[in-house]
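**Student:** Starting off with a structure, shown below.
The values are calculated or read from the model by the stated rules, or taken from the named source; none is laboratory data. Keep in mind the model is a prediction, meaning the values are calculated, not measured. No Cβ is skipped: glycine too gets one built from the backbone with ideal geometry, and neighbour counts run over all protein chains shown. All accessible areas refer to the heavy atoms of the entire protein, side chains included, with ligands and DNA or RNA removed. Shrake-Rupley method; radii C 1.70, N 1.55, O 1.52, S 1.80 Å.
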Amino acid sequence: QVQLVESGGGLVQPGESLRLSCAASGFPMNDYPIGWFRQAPGKEREGVSCISSRSGTTYYADSVKGRFTISRDNAKNTVYLQMNSLKPEDTAVYYCARSPFLLEGCLRPRQYYAYWGQGTQVTVSS
């Protein structure tokens, strides 16, 4: 059974860091594109970052470039999102998601991703 479990969220002050984890079970994570998304109250869920399957090519939304880093630990079957220099506008529930297809590329719209975790809350506030 496909499962994705996010963890690592919390309350931090602006400028601080968090590292989110997306632990997968039921499939080898490096066989599928994996995306990180976030949804703030009253807003649409938006893409934050993603990592392609075999190549490990990564992409970032303009709003997080230079601050966030996505990575994968194949031994742990886990994808991470290191979030540095956090801003109040980063406040959201963060989700990881898996492509339904055995493909390489991860840069796809939200509707493309079929499997989702439960989300983890990130709050950035003074």
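**Student:** Roll a 1.4 Å probe over the protein chains and send me the accessible area per residue for the chain in Å². Kindly include the intermediate steps, with their values, before the conclusion.
**Tutor:** Values: 6300 Å² over 126 residues.
With the other protein chains kept in place, the chain gives 50 Å² per residue.
**Student:** Then there's this: Please report, in whole Å³, the volume per residue of the convex hull around the C-alpha atoms of the stretch 32-74.
**Tutor:** Numbers: hull volume 3.5 nm³, N = 43.
Once divided by residue count, the hull of the stretch 32-74 is 81 Å³.
**Student:** While we're here: Just the number, please: carbon plus sulfur as a percent of the accessible area of the chain, 1.4 Å probe, no ligands or DNA/RNA counted. The partial results should precede the final answer.
**Tutor:** On the way: 3010 of 6300 Å².
For the chain, the apolar C and S fraction of the accessible surface comes to 48 percent.
**Student:** Sticking with this one: Explain nothing, just the number: dipole magnitude of the chain about its Cα centre with +1 on each Lys and Arg Cβ and -1 on each Asp and Glu Cβ, in debye rounded to the nearest 20.
**Tutor:** That gives the chain a dipole magnitude of about 100 debye.
**Student:** Now a separate question. The stretch 75-126: which trypsin sites (Lys or Arg not before Pro) are DSSP loop and have at most 16 other beta-carbon atoms within 10 angstrom? Spell out each step's value before the answer.
**Tutor:** On the way: sites: K76, R98, R110; in loops: K76.
For trypsin sites (Lys or Arg not before Pro) across the stretch 75-126 that sit outside H, G, I, E and B with at most 16 neighbouring Cβ atoms in 10 Å, the list reads K76.
**Student:** If you don't mind, there's one more thing I want to ask. Subtract the Cα-Cα distance of N74 and E104 from 0.36 nm times their separation in residues, and report this length gain in nm to one decimal. Before the final figure, lay out each step's value.
**Tutor:** Details: separation 30, 0.36 × 30 = 10.80 nm, distance 1.56 nm.
Stretched out fully, the N74 to E104 stretch lengthens by 9.2 nm.
**Student:** So if R0 is 25 Å, what FRET efficiency would A61 and R19 give, r being the distance between their Cβ atoms, rounded to the nearest 0.05?
**Tutor:** Values: r = 18 Å, r/R0 = 0.72.
Efficiency for this residue pair is about 0.90.
**Student:** In addition: Efficiency by 1/(1 + (r/R0)^6): what FRET value for K43 and S126, r their Cβ-Cβ distance, R0 = 22 Å, to the nearest 0.05?
**Tutor:** On the way: r = 21 Å, r/R0 = 0.95.
The computed FRET efficiency comes out at 0.55.
**Student:** Can you give me the pair-distance distribution of the stretch 60-126, C-alpha pairs, 10 Å bins, whole percents?
**Tutor:** Bins of 10 Å from zero give 16, 47, 32, 4, 0 percent of pairs.
**Student:** Taking every Cα atom in the chain, find the radius of gyration and the maximum pairwise distance Dmax, and write them in Å.
**Tutor:** Computed over the Cα atoms of the chain, radius of gyration and Dmax are 13.4, 42 Å.
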